[in-house]
Amino acid sequence: MERTGVWIVGARGDVAVTAMVGARAIARGLAAPVALVTELPELKALELPAIDDLVFAGCDVRTDSLVDRAWQLHREHHLLEAATIQHVAGDLAEIDGSIAGAEAGAITAGNLAMRPLRAIVEEVRAALRAFRERSGVSRVVVVNLASTEPPLADHDAHDSLDAFDLALEADVREAVSASVLYAYAALDVGCAYVNFTPSRGARLAALHELALARRVPYCGNDGKTGETLVKTALAPMFRCRNLHVLSWVGYNMLGNSDGRVLADPTARASKVESKGKVLREALGYEPHATVGIEYVPSVGDWKLAWDFIHFEGFLGTRMSLQFTWQGCDSALAAPLVLDLIRLGDLAMRRGEIGYLGHTACFFKDPIGVAEQNLAVQFQRLVDYASNA
Ligand SMILES: NC(=O)c1ccc[n+]([C@@H]2O[C@H](COP(=O)([O-])OP(=O)(O)OC[C@H]3O[C@@H](n4cnc5c(N)ncnc54)[C@H](O)[C@@H]3O)[C@@H](O)[C@H]2O)c1
């Protein structure tokens, strides 16, 4: 029986824990696969791996157990039912043993600042190879679910694989971030790579070259789960009616640890950047637009977005639309992570290489695809399934 390995960077984080609890709950028949896009009838033709056949592992810089993290989500964020956690606690304890810490593959800030870059990459590669051999899985999909990093400035070393390799040898630290090194290691040992975060990950010409050379697929960046999801569904409506959007102002309030990280203006800049491109592409012009992100601890994982859209109609008549969206961040993200793992595994089986354009509907800032209209992006996925 073929099984698929899943190696999660940031395996002890909220989204990762929710995805693993959800996968084990579905596998044990405790939950229906509601909110998995890959369960839609339109995608039934795809021969995706069963959720039961996913074998989880990964790395994290924090050390508390997955079961403790699941109970924390239950207590603090009112997510995950007690009975579900009790049923999958044994599965989580087993996965715990396959999550590397700072000593065996997780890249800490200290490592990144001090250790030779080649040695760091070699440790991640070794952890991935060891997982593949130990678990006997046929293929491994690496998923980045780690905390958002500050934006990584463009560097000449990003332009080609040769230049990047030279930068690694010479320890040019300003050319890399942890997400880039994880992506490099993953692609280099022949894994598919999914970047669910706004961090750079594989989005460098050098790593595209590496993916083609190792004949593996990748996709990203930044899962589309809340305000941006609604935006990419609504903006095309204004365009279809030729209503001119004057301003689109959005405020997001987050209270989970992702929100705490995004309270730091440098990390927030990555998120604002990936959210910001959307309107320009979806409308065909750039209205006055701002995106605010505030850390509000009391809302926990229940992200709140409030958007105000000011638009102009016939004879200059000005009107407005406002919406609020309150969603549970991790519950929105986790099923998409499982979808992307399944699609990444299928792409590997089919020998697809480079970026996976048909996954654009999952991302705020899809690699290799300018299209931002959600319906058009989704149709691309349906077409991919129809041509299966
Ligand atoms: N709806 C959503 O929740 C959503 C949507 C889009 C993108 N994302 C992105 O997904 C990521 C995860 O979100 P979350 O809510 O689970 O965050 P989280 O803070 O709960 O989890 C992040 C995990 O990454 C770990 N980590 C940090 N640096 C690491 C490193 N160098 N190596 C390994 N592990 C590391 C942390 O210890 C933590 O356990 C974030 O980057 C977030 O922006 C989330």
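Observations, loosely collected:
- The residue of the stretch 363-377 that is nearest to the ligand (Cβ to nearest atom), among those that are out of contact with any Cys (no Cβ under 6 Å at 6 or more places or on another chain) and farther than 28 Å from N256 by Cα, is V369.
- Any hit, the stretch 217-229, residues being surrounded by fewer than 22 Cβ atoms within 10 Å (Cβ to Cβ) and more than 16 Å from the ligand (Cβ to nearest atom): no
- Considered as a group, the residues in the stretch 114-137 that are among the hydrophobic types (A, V, I, L, M, F, W, C) and in contact with a helix residue (DSSP H, G or I) (Cβ under 7 Å, 6 or more places away or on another chain) include one that is farthest from G101 (Cα to Cα), and that residue is L117.
- Restricted to the stretch 249-362, the set of helices (runs of 4 or more DSSP H) holding at least 2 residues that are on the phi > 0 side of the Ramachandran plot and in contact with a Cys (Cβ under 8 Å, 6 or more places away or on another chain) is empty.
- The single condition among (1) in a helix (DSSP H, G or I); (2) within 16 Å of the ligand (Cβ to nearest atom); (3) in contact with a helix residue (DSSP H, G or I) (Cβ under 8 Å, 6 or more places away or on another chain) that E42 does not satisfy is (2).
- The listed residue being within 13 Å of the ligand (Cβ to nearest atom), crowded, with 20+ Cβ neighbours inside 10 Å and under 19 Å from R215 (Cα atoms), out of A100, A183: A183
- Taking first residues from the stretch 375-388 that are in contact (Cβ under 8 Å) with a residue 12 or more places away in the chain and partners that are of a type in the set (S, T, N, Q), the Cβ contacts under 8 Å between residues at least 6 apart in sequence or on separate chains come to Q377/T232; L381/T359.
- Pairs are defined by a Cβ separation below 7 Å, a sequence spacing of at least 6 or placement on different chains, a first member in the stretch 18-30 that is under 15 Å from Q86 (Cβ atoms), and a second member that is of a type in the set (D, E); the pairs so defined are R24/D91.
- Test: L246 is touching a residue at least 12 places away in the same chain (Cβ under 8 Å) and assigned to a helix (DSSP H, G or I): no
- A count restricted to the stretch 86-97 and to residues that are at pLDDT 95 or above and either within 12 Å of the ligand (Cβ to nearest atom) or assigned to a loop (DSSP other than H, G, I, E, B) (or both) stands at 0.
- The stretch 363-388, residues that are among the charged types (D, E, K, R) and part of a loop (DSSP other than H, G, I, E, B): K364, D365, E371
- Some residue of the stretch 235-245 being closer than 30 Å to D14 by Cα and of a type in the set (S, T, N, Q): no
- Among (1) in contact (Cβ under 8 Å) with a residue 60 or more places away in the chain; (2) buried (at least 19 other Cβ atoms within 10 Å of the Cβ); (3) not hydrophobic (A, V, I, L, M, F, W, C) - the single one E123 does not satisfy: (1)
- The residues on offer are S135, S177, S199, S147, and the sole one that is among the small types (G, A, S) and in contact with a Leu (Cβ under 6 Å, 6 or more places away or on another chain) is S177.
The values are calculated or read from the model by the stated rules, or taken from the named source; none is laboratory data. These numbers were taken from a predicted model, which means no experiment stands behind them. Heads up, the Cβs are rebuilt from the backbone with ideal geometry, glycines too, and the neighbour counts pull from every protein chain shown.
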